[in-house]
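Dumping the structure here so I can ask a few things about it.
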Amino acid sequence: MKPRIPRPLVPVALAALVTGLAVPGPAHAQDRPGTGHTLPAGTRFYVDPDSDAAKQAVRYLLKHDFAGATAMAELASWPQAHWFTDGTPAEAESRARSLVRRAARTGTVPVIVAYNVPLRDCSQYSSGGAQSDAEYREWISALARGVGKEKAVIVLEPDALANLPSDCSPTSDPTGVLTAGRLADLRHGIDAFEQQPNTVVYLDAGNSHWQSVGNAAERLLDAGVERAQGFSLNVSNFFATGPSDRYGTWVSDCLWFATKGPEHARGHTDWCASQYYSPAAPNDGQPGNAVDADDPGTWHWTDDWFRQNVGTPPIDQLTHFVVDTGRNGKGAWTPPPGKYSGDPQVWCNPPGRGIGDRPTAATGTPLVDAYLWIKTIGQSDGQCNRNIPGGTVDPEYGTVDPAAGAWWPEQAMTLVRNANPPLTFAPWSRPRG
């Protein structure tokens, strides 16, 4: 006998998933992205009907866990990025072509993450990538060919700039050859996608608690950001939207300052004040330095520096960016004081986090082209052990975490329950009638 499904759930979970209502229909004419390398505010992003969340909703439904099914159906109704992390060039090209065509049939735009650069993640939890620069360039060129003339948003190589080979260890790149290769790979990737007529490319720049403003700007310039639409921030991380927007605006201002600003500033990204700008900052009458990188409320000294030295650059000369808001609704995790003696890996499956701002290209922030869910919500960051020597169990969960990229239903449910603002079905997926 087939399980009897309560009538109230049918229009919510079953209709949204089984009948495909989680997939947006064709966008209205005024919502269609225009041609060229821009991202209009009316852009609608592609929703995958076969996402991890959609499959989990069906599993919960068949187990009569109606609350879980509804939560996962709500998650499945929103667009998330598609990651390309491996495969042969032919496989990457074929997968990309299939994805962009599916999106085109619904009048939406897919978000594609290219994540296959050599020495990815310094060979840590998300290690992998192409075996050589030549292999990578062949792969990324094939991925771009697969996108072809269809519309797509490209997030290029998360962490690849913020974590260069020279950053991995003091001996990881003694001659600088590997880092030079990485930068050339990224320039090649930008050019491969920008040759396509309807792609919008964002080169990843890390997050607001990683590289200083000047370092981020310098690395972006070295990798050719001026040939792309802009850069991406907070991918797979948890820092709140407001500080990410503020940091990204500083990076954009710094890029302008060092390339189009005053003559004396040309080439001097290193002069830009940053989120760590405390040595030269007045202490505002408080003990010690007033600037705290963990407290954006103290970042007004950096704002002051940019007002005094950069002013108000022409908006059309500033570099735009996107922010990953998929897991930042509760902000970053701060472990209890004294709980861990070493690095607690606050970036790795932190407990109690929540989904953040919904995906949209209408952000209301001048330089922010979109808030996107780039890291797949509910996929593990890796087998975290909070740097406990010899440990394999994550003490925050009392278990061994799933491998990086593995679907973790319990984490997905936590992120949904803690969503800020609370999660609902996407407007276009709600059953009519």
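The values are calculated or read from the model by the stated rules, or taken from the named source; none is laboratory data. The structure displayed is predicted, hence computed values, not measured ones. Neighbour counts are summed over all protein chains in view; Cβ atoms, including those assigned to glycine, are modelled from backbone coordinates with ideal geometry.
When the residues of region 61-114 are narrowed to those that are under 16 Å from the mean Cα position of the chain (by Cα) and among the polar types (S, T, N, Q), which ends up farthest from ASP50 (Cα to Cα)?
In this case the residue turns out to be THR85.
Shifting gears a bit: How many residues does region 192-218 contain that are closer than 25 Å to ALA273 by Cβ and either surrounded by fewer than 24 Cβ atoms within 10 Å (Cβ to Cβ) or among the acidic types (Asp, Glu) (or both)? Show your work before the answer.
First, pick out the residues of region 192-218 that are closer than 25 Å to ALA273 by Cβ: 202-218.
If we keep only those that are either surrounded by fewer than 24 Cβ atoms within 10 Å (Cβ to Cβ) or among the acidic types (Asp, Glu) (or both) as well, we get 204, 209-210, 212, 214-215, 218.
Total meeting the criteria: 7.
Considering only residues that are under 19 Å from the mean Cα position of the chain (by Cα), of a type outside the set (Gly, Ala, Ser) and on the phi > 0 side of the Ramachandran plot, which ones fall in region 115-137?
ASP121, CYS122
Something else now. Out of the residues in region 359-379 that are in a loop (DSSP other than H, G, I, E, B) and in contact with a helix residue (DSSP H, G or I) (Cβ under 9 Å, 6 or more places away or on another chain), which is surrounded by the fewest Cβ atoms within 10 Å (Cβ to Cβ)? Before you say what the answer is, go through the steps one by one.
First pass over region 359-379, keeping only residues in a loop (DSSP other than H, G, I, E, B): 359, 361-367, 373-378.
Pick out the ones that are also in contact with a helix residue (DSSP H, G or I) (Cβ under 9 Å, 6 or more places away or on another chain) and you get 363, 365-367, 376-378.
Details: THR363: 18, THR365: 16, PRO366: 12, LEU367: 17, THR376: 21, ILE377: 22, GLY378: 26.
The qualifying residue surrounded by the fewest Cβ atoms within 10 Å (Cβ to Cβ) is PRO366.
Note down all Cβ pairs under 6 Å where the first residue falls in region 368-380 and is closer than 19 Å to ARG246 by Cα, the second is among the β-branched types (Val, Ile, Thr) and surrounded by fewer than 22 Cβ atoms within 10 Å (Cβ to Cβ), and they're at least six residues apart or on different chains.
TYR371/THR360; TYR371/THR363
Here is a further query. Out of curiosity, is ALA67 among the small types (Gly, Ala, Ser), buried (at least 20 other Cβ atoms within 10 Å of the Cβ) and either in contact with a helix residue (DSSP H, G or I) (Cβ under 9 Å, 6 or more places away or on another chain) or closer than 30 Å to SER141 by Cα (or both)? I'd like the intermediate steps shown before the answer.
Values: among the small types (Gly, Ala, Ser): yes; buried (at least 20 other Cβ atoms within 10 Å of the Cβ): no; either in contact with a helix residue (DSSP H, G or I) (Cβ under 9 Å, 6 or more places away or on another chain) or closer than 30 Å to SER141 by Cα (or both): yes.
For ALA67, the condition - among the small types (Gly, Ala, Ser), buried (at least 20 other Cβ atoms within 10 Å of the Cβ) and either in contact with a helix residue (DSSP H, G or I) (Cβ under 9 Å, 6 or more places away or on another chain) or closer than 30 Å to SER141 by Cα (or both) - is not met.
Only residues that are under 21 Å from PRO421 (Cα atoms) and basic (Lys, Arg): list them for region 41-79, please.
If the condition is that a residue be under 21 Å from PRO421 (Cα atoms) and basic (Lys, Arg), then ARG44 is the only one that fits.
Looking for something more than 30 Å from PHE306 (Cα to Cα) and modelled with pLDDT of 95 or more - is there at least one such residue anywhere in region 220-232? Let's see the steps before the verdict.
Quick first cut of region 220-232, residues more than 30 Å from PHE306 (Cα to Cα) only: none.
So far as region 220-232 goes, no, none of its residues is more than 30 Å from PHE306 (Cα to Cα) and modelled with pLDDT of 95 or more.
Anything in region 152-191 that is part of a loop (DSSP other than H, G, I, E, B) and surrounded by fewer than 18 Cβ atoms within 10 Å (Cβ to Cβ)? List them, or say none.
We begin by selecting, within region 152-191, every residue part of a loop (DSSP other than H, G, I, E, B); these are 157-164, 169-176.
Across region 152-191, the qualifying residues are SER169, PRO170, THR171, SER172, PRO174, THR175, GLY176.
Looking only at region 306-338, filter to residues that are of a type in the set (D, E, K, R) and at pLDDT 95 or above; which one of those is nearest to HIS82 (Cα to Cα)? Reasoning before the result, please.
So the first thing to find is which residues in region 306-338 are of a type in the set (D, E, K, R), and the list is 307, 316, 324, 327, 330.
If we keep only those that are at pLDDT 95 or above too, we end up with 324, 327, 330.
Values: ASP324: 13, ARG327: 16, LYS330: 24 Å.
Top of the filtered list is ASP324.
Applying the selection to region 233-271, what residues are in contact with a helix residue (DSSP H, G or I) (Cβ under 9 Å, 6 or more places away or on another chain), in contact (Cβ under 8 Å) with a residue 60 or more places away in the chain and either over 27 Å from LEU372 (Cα atoms) or hydroxyl-bearing (Ser, Thr, Tyr) (or both)?
Once the filter is applied, which keeps residues that are in contact with a helix residue (DSSP H, G or I) (Cβ under 9 Å, 6 or more places away or on another chain), in contact (Cβ under 8 Å) with a residue 60 or more places away in the chain and either over 27 Å from LEU372 (Cα atoms) or hydroxyl-bearing (Ser, Thr, Tyr) (or both), region 233-271 yields THR249, SER252.
Could you list, in sequence order, all residues of region 74-109 that are closer than 24 Å to VAL323 by Cα and in a helix (DSSP H, G or I)?
GLU74, LEU75, ALA76, ALA96, LEU99, VAL100, ALA103, ALA104
Name every residue in region 300-356 that is of a type in the set (Asp, Glu) and closer than 24 Å to LEU156 by Cβ, in order of residue number.
We begin by selecting, within region 300-356, every residue of a type in the set (Asp, Glu); these are 303-304, 316, 324, 343.
ASP316, ASP324 - these are the residues of region 300-356 that are of a type in the set (Asp, Glu) and closer than 24 Å to LEU156 by Cβ.
Could you tell me which of the residues GLY356, GLY382, GLY390 is on the phi > 0 side of the Ramachandran plot and either buried (at least 21 other Cβ atoms within 10 Å of the Cβ) or part of a strand (DSSP E or B) (or both)? So that I can check it myself, show each step before the final result.
On the way: GLY356 fails: on the phi > 0 side of the Ramachandran plot; GLY390 fails: either buried (at least 21 other Cβ atoms within 10 Å of the Cβ) or part of a strand (DSSP E or B) (or both).
It is GLY382.
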